[in-house]
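Bear in mind that the values in this text are calculations on the coordinates, not laboratory data. Since we're looking at a predicted model, the values are computed, not measured. In this analysis, Cβ positions are derived from the backbone assuming ideal geometry, glycine residues included, and neighbour counts consider all displayed protein chains.
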Amino acid sequence: MATGRRPRIPVTDSGYETVFAEMFGFVQPHPTFGAALQASEDPRAFRRGGVDFWNFKARVGAAFADVCDLVEFQHDPLFHFCTARDFGQDREALAAARSRAPRWLERLLAVGDSPIGYRPGTIPTGACSVFHTRHAAQLAFLLHHIAPHRDPATLRIGEIGGGFGNFARLWGSAIGIHAWTILDMPFMTRLQRWFLHKTLPNVPQAAGAAPVATGLRWVDTEHRNEFVDEGPEFDVLISTHAWSELPRDEWLWYLHALLPRTRHLLYAASNETPDPVESNWRLDRLAREMRVEDLYHTHGRSTVTALFTAK
């Protein structure tokens, strides 16, 4: 059965380039560490795409964060693998959201792209990142289904993998945050805390497994079992790609630990990562646990965004 994965590098010698590439899952060796860092910006440089991409970033990202301590984050490499370098609009995502929730979409888009994190001159005048339009569309899609039944400003939201924090920024700016918990790798939680402190300065922040009543809360993956043992309950669980790209055993951990504790799930996945067969298996598995409320496809149907509701 074809999996879509790239072949392993034949280890013909014990040179640094070959060993390094094999260890981190690069498609081909790179002559220097700097060259490998540059190549690592593209998930296609890795055999398993997004899986190896995030594994590599997790292992080297903490070093970047410690060096500059996020003081001038817009000059730090850590930010730039988390944000889009493509500017413009995700037209398919916008069309899907506009057909369902035009008012919510315009309200979210009106927040504007991130005011910090980009080097001066990075964003062309009047342009916004592809991520911004995609995130606004996904949240508008969610609000279309949730808001008629519940005040969105009162929701308890959990997020598996928070990127640089843009979902929470958009929601906090347009709706207001009641309780929002992000589960992510330790160095990523530092990134998000810095970013959201700058963009949502009036929202309380807390870190660790201890429960908090309101505000933003972070749980790093080194303490996730302690967090789950606490028995968290969510109105909405969000994961747009981060969860879907984990190895299956990790993916199942989140399914068993968190899915029974949420009313709704906003989930996005690519048919290409980890591979089409695995991605479809995961969607079918979610559909066994929850009811498919609605979904839309983008990128020539290679990416799906779906809302699931507890049966």
Relative counts (whole %) of C-alpha pair distances in segment 164-311, using bins that are 10 Å wide: 10, 39, 37, 13, 0
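For segment 238-311, with only Lys/Arg (+1) and Asp/Glu (-1) charged at the beta-carbon, what is the dipole magnitude about the Cα centre, in debye rounded to 20?
Details: 9 positive and 10 negative charges, 75 e Å.
Taking the Cα centre of segment 238-311 as origin, the dipole is about 360 debye.
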Spelling it out for CYS128: with amide H atoms placed in the peptide plane at 1.01 Å from N, the residues 5 or more places away or on another chain with amide H under 5 Å from its amide H are GLY88
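In whole Å, what three semi-axes, largest first, describe the equivalent ellipsoid of segment 130-243 built from its Cα gyration tensor (square root of 5 times each eigenvalue)? Don't skip to the answer; put the middle values down first.
Working: eigenvalues 83, 52, 38 Å².
The answer is 20, 16, 14 Å, longest axis first.
Report the local net charge at LEU255: Lys and Arg +1, Asp and Glu -1, summed over other residues whose C-beta lies under 13 Å from its C-beta.
Numbers: positive: ARG248, ARG261, ARG282, ARG285, ARG288; negative: ASP249, GLU250, ASP284, GLU289.
Counting the neighbours of LEU255, the net charge comes to +1.
Between beta-carbons, use under 12 Å as the cut-off and find the net charge around HIS197, counting Lys and Arg +1, Asp and Glu -1. Provide the component values of the computation, followed by the final result.
Numbers: positive: ARG169, ARG190, ARG193, LYS198; negative: none.
In short, +4.
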Give me the one-decimal Kirkwood hydrodynamic radius in Å for segment 155-200, with the sum taken over alpha-carbon pairs. 10.5 Å
Calc'd 3J(HN,Hα), segment 191-206, phi into Karplus 6.51 cos²θ - 1.76 cosθ + 1.60 (θ = phi - 60°), Hz, glycine/Pro = x, comes to 4, 5, 5, 5, 4, 6, 5, 6, 9, 10, x, 8, 8, x, 10, 8
Give the peptides 159-168, 90-99, 146-155 in descending order of average Cβ contacts within 10 Å, highest first. 159-168, 90-99, 146-155
